[in-house]
1. May I ask for the Rg/Rh ratio of the chain, computed from Cα atoms with Rh as the Kirkwood radius, given to two decimals?
2. Ignoring ligands, DNA and RNA, what percent of the 1.4 Å accessible area of the chain is carbon and sulfur?
3. Using a 1.4 angstrom probe, figure out how much accessible area the chain has per residue, in square angstrom, rounded to the nearest whole.
4. Based on the mean of other beta carbon atoms within 10 Å per residue, what is the order of 52-63, 20-31, 5-16, most packed first?
5. Assign unit charges at the C-beta atoms only (+1 for Lys and Arg, -1 for Asp and Glu), then state the dipole size of segment 12-91 relative to its Cα centre in Debye, rounded to the nearest 20.
6. Reachable lysines from K52, Cα under 25 Å, same-chain residues fewer than 8 places away excluded?
7. Using helices alone, what [θ] at 222 nm do you get for the chain, with -39,500 (n - 2.57) per DSSP H run of 4 or more residues, divided over all residues and rounded to the nearest 500?
8. Got the relative contact order for the chain handy, in percent, Cα pairs under 8 Å and 6 or more residues apart?
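The values are calculated or read from the model by the stated rules, or taken from the named source; none is laboratory data. Predicted model only: the values in this text are computed from it and were never measured. When we count neighbours, we look across all protein chains shown, and the Cβ atoms used for this are built from the backbone with ideal geometry, even at glycine. These accessible areas exclude ligands, DNA and RNA; they are computed on the full protein's heavy atoms, side chains included. Shrake-Rupley method; radii C 1.70, N 1.55, O 1.52, S 1.80 Å.
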Amino acid sequence: MDSAYVIKKPIVTEKSTHATEESKYTFLVDRKARKDDIKKAVEQVYGVKVAKVATQVRKGGTKRTRFGYVEDKVTKKAVVTLANGATIELF
């Protein structure tokens, strides 16, 4: 898989921001991407060495709004642990 299409965007929440102190970064990735694809993409885009990749497929669901029902998409997120205490500047 082409590494330009693997990483969609970084996930910046309070929990993921605290995890950056442990060199763990969270990204929204393509659903078809495997762990080795994600590892190669992060190493190419950010120029760091990746030690570990953990993935999670988040199921979609139906949410009720005042205009009716809305379907959420199924997404995949990856938590990437960097080697040797390296950091990524997201901003």
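1. Details: Rg = 14.7 Å, Rh = 14.0 Å.
Expressed as Rg/Rh, it is 1.04.
2. Numbers: 3300 of 6710 Å².
Here carbon and sulfur together make up 49 percent of the probe-accessible area.
3. Working: 6710 Å² over 91 residues.
Using a 1.4 Å probe on heavy atoms only, each residue of the chain averages 74 Å².
4. On the way: 52-63: 11.5, 20-31: 17.2, 5-16: 13.6.
So the peptides 52-63, 20-31, 5-16, ranked by packing, come out 20-31, 5-16, 52-63.
5. Numbers: 18 positive and 10 negative charges, 107 e Å.
Using only the charged Cβ atoms, the result is roughly 520 debye.
6. In chain and number order, the partners are K8, K9, K15, K24, K32, K35, K39, K40, K76, K77.
7. Values: 2 runs with 18 residues, N = 91.
Calculated at 222 nm, the ellipticity per residue is -5500 deg cm²/dmol.
8. On the way: 153 pairs, mean separation 29.4, N = 91.
Over the chain, the number comes to 32 percent.
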